[in-house]
1. Could you order peptides A:415-425, A:107-117 by the average number of other Cβ atoms within 10 Å of their residues, highest first?
2. Past 19 Å, Cα to Cα: identify those pairs from A:12/A:248; A:263/A:425; A:215/A:248; A:346/A:405, in the order given.
3. Ranked by accessible surface with a 1.4 Å probe, highest first, in what order do A:193, A:376 come?
4. What accessible area, in Å² to the nearest ten, does a 1.4 Å probe give for residue A:223?
5. Leaving ligands and nucleic acids out of the surface, order A:152, A:216 by accessible area at 1.4 Å, largest first.
6. Taking only protein heavy atoms and a 1.4 Å probe, what accessible area per residue, in Å², does region A:203-299 have with all protein chains in place?
7. Would you work out the charge dipole size for region A:306-418 about its Cα centre, treating the Cβ of every Lys and Arg as +1 and the Cβ of every Asp and Glu as -1, and quote it to the nearest 20 debye?
8. Calculate the dipole size of region A:4-279 relative to its Cα centre from +1 charges on Lys and Arg beta carbons and -1 charges on Asp and Glu beta carbons; express the result in debye to the nearest 20.
Amino acid sequence: MTVQIYNTLTRKKEPLRPLEENHVKLYVCGITSYDYCHIGHARSSLVFDMVVRYLRYRGYKVTFVRNFTDIDDKIIARANERGEDPSALALRFIDEFYTDMDALGTLRPDIEPKATEHIQEMIALIQNLVDKGLAYPAHGDVYFRVTGLDNYGRLSGRSLDDMQAGARIEVNAAKENPMDFVLWKGAKPGEPKWESPWGEGRPGWHIECSAMSKKYLGDTFDIHGGGKDLIFPHHENEIAQSCGASGKEFANVWMHHGFVTIKDEKMSKSLGNFLTIRDVLNTYDAETLRLFIFSTQYRNPLDFSEEALRDAGSGLDRIYTTLAEIEALSPTAETESKIGKKDRAKLESLQERFQQGMDNDFNTAQAIGVLFDCVKVLSKLVRVHGANLPQPDYDLLNHVAGIMKELGNILGVLTRNPSTVVAEKQQRLRAQLTITEQEIEELISRRNTARAEKNWATSDEVRDTLLEHNIVLQDGPEGTTWNIVDR
RNA sequence: GGCGACGUAGCCAAGUGGUAAGGCAGUGGUCUGCAAAACCAUUAUUCAGCGGUUCGAAUCCGCUCGUCGCCUCCA
């Protein structure tokens with residue numbers, strides 16, 4: 001079985017076949033750095049972080065390139081609003097991006113090129129296109145001639161006729177065809193600019209990815225990724241530029257992830273319905289956010305809600321609690337297993353089933369289902385046999401727990417020590433208590449006296465009092481214990 | 001208007017031609033004075049609707065309805 005990936009270009013799942021044996025070359029469109037990143041950006045980074053981790057787990061060498069767009073209309077506009085230098089603003093938000101990425105625990109790409117550091121490569125590429133008749137200078141700008149290619153529109157599945165019928169195209173007299181797009185923008189007063197054969201100016205948006213992917217990965221490489229909103233025009237135009245210039249294929253596989261939505265509407269700056277990464281990490285930890293983001297397959301829309309995030313949090317707690325319980329076990333001298341056939345089969349097939357899910361176009365929802373399926377079994381076994389666990393069963397439980405952590409790491413979860421996580425949570429909850437532990441003990445003791453006298457009214461009253469302080473009681477054979485309710 | 005995606009239990013979500021994973025919630029049981037927690041069991045004769053192909057369809061095809069996205073900057 002090989003990794004199957006849905007290719008936007010062919011609209012099919014295809015087996016991954018890297019050009020170079022066992023070496024995957026991946027280019028992902030990164031951020032335009034002019035503001036803090038929101039949860040949609042987090043999804044993008046986390047999806048490709050997971051893709052890279054999984055491919056490496058599957059034995060591939062991965063060269064991962066992700067760019068920064070650090071020169072662009074929006075950066076200039078924002079800088080002007082704030083009276084800040086555009087490049088300083090771009091650099092500042094790249095720093096903020098790193099702060100968020102580190103908080104999310106994403107791996108750094110192997111190469112993170114910035115547009116402004118590749119102006120010469122872009123100029124060379126544009127010159128190549130001009131020489132081939134695929135681009136033309138006009139009024140200080142340079143435009144790509146879309147009619148020069150016979151298959152412009154093949155990624156987004158639209159024809160030039162379709163697009164012109166759409167008629168949502170700005171009037172620009174300099175263009176031969178309304179769908180022609182800008183490769184180089186002539187300088188306007190006060191804007192950042194670079195020398196070029198066509199006069200001073202700056203690059204258009206799409207050309208940077210063509211130039212930088214070529215430089216670091218070659219004319220043709222394996223996977224190009226980004227959000228669904230980049231399919232048109234950004235990726236369509238990259239294909240036009242790169243294929244036009246090289247005469248070769250560009251990226252073999254195009255991966256596009258779905259949006260994060262709020263109440264089923266796309267989260268976006270223009271709608272103003274976005275939450276920044278740091279907003280969310282203020283309340284929820286990174287692993288919770290990861291589990292939430294991976295709870296659906298990457299191509300589907302993901303609806304953000306506090307409830308969904310809380311669900312992810314309790315799921316994560318449950319796994320950590322079970323793993324911590326396994327850590328605390330000790331075996332007996334017995335050598336005969338008490339684990340039934342069905343449970344054993346589930347545990348032993350964990351890795352294989354997880355891999356099946358992930359091989360299926362990185363279906364993290366399926367893979368997480370497998371993880372929980374095993375947690376269920378582990379938790380039951382700890383409950384039923386924990387106090388009296390034969391050596392071989394002890395070994396199996398620990399083995400499976402180890403695999404679970406390894407697989408979790410592909411999603412960037414279960415990276416911490418389970419006992420520590422559980423202890424820290426208790427500590428955090430204790431810090432929020434509105435009652436001292438001594439008072440709790442006193443109340444429990446008062447209740448136990450009442451219970452001994454079968455004074456249930458007083459007993460229940462005490463229990464309710466404690467519940468108001470988020471303390472829930474558990475009467476067991478060894479006496480009464482208490483826990484803090486996480487609200 | 002053009003192009004595309006999606007519609008599976010109360011909610012989230014897998015399944016992509018062989019008879020509905022998993023999570024949250026619910027119900028019954030064990031336990032308990034009653035609870036809580038935990039465990040055990042159970043919860044969709046059916047996959048938006050209607051046709052068609054097939055021995056067989058949630059899965060393939062057609063139409064209808066609904067939701068969302070792209071066509072302008074967007075992850």
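1. Peptide ranking by packing, descending: A:107-117, A:415-425.
2. Values: A:12/A:248 22 Å; A:263/A:425 30 Å; A:215/A:248 15 Å; A:346/A:405 16 Å.
From A:12/A:248; A:263/A:425; A:215/A:248; A:346/A:405, over 19 Å: A:12/A:248; A:263/A:425.
3. A:376, A:193
4. Its accessible surface works out to 0 Å², give or take rounding.
5. Working: A:152 20, A:216 75 Å².
Sorted by accessible area, descending: A:216, A:152.
6. Working: 3230 Å² over 97 residues.
For region A:203-299, the per-residue accessible area is 33 Å².
7. 260
8. 780
The values are calculated or read from the model by the stated rules, or taken from the named source; none is laboratory data. If you're wondering where the values come from, they're calculated on a predicted model, not measured in any experiment. All Cβ positions, even for glycine, are placed from backbone atoms using ideal geometry, and neighbour counts span all protein chains on display. Only protein heavy atoms, including side chains, enter the accessible area calculation; ligands, DNA and RNA are left aside. Shrake-Rupley method; radii C 1.70, N 1.55, O 1.52, S 1.80 Å.
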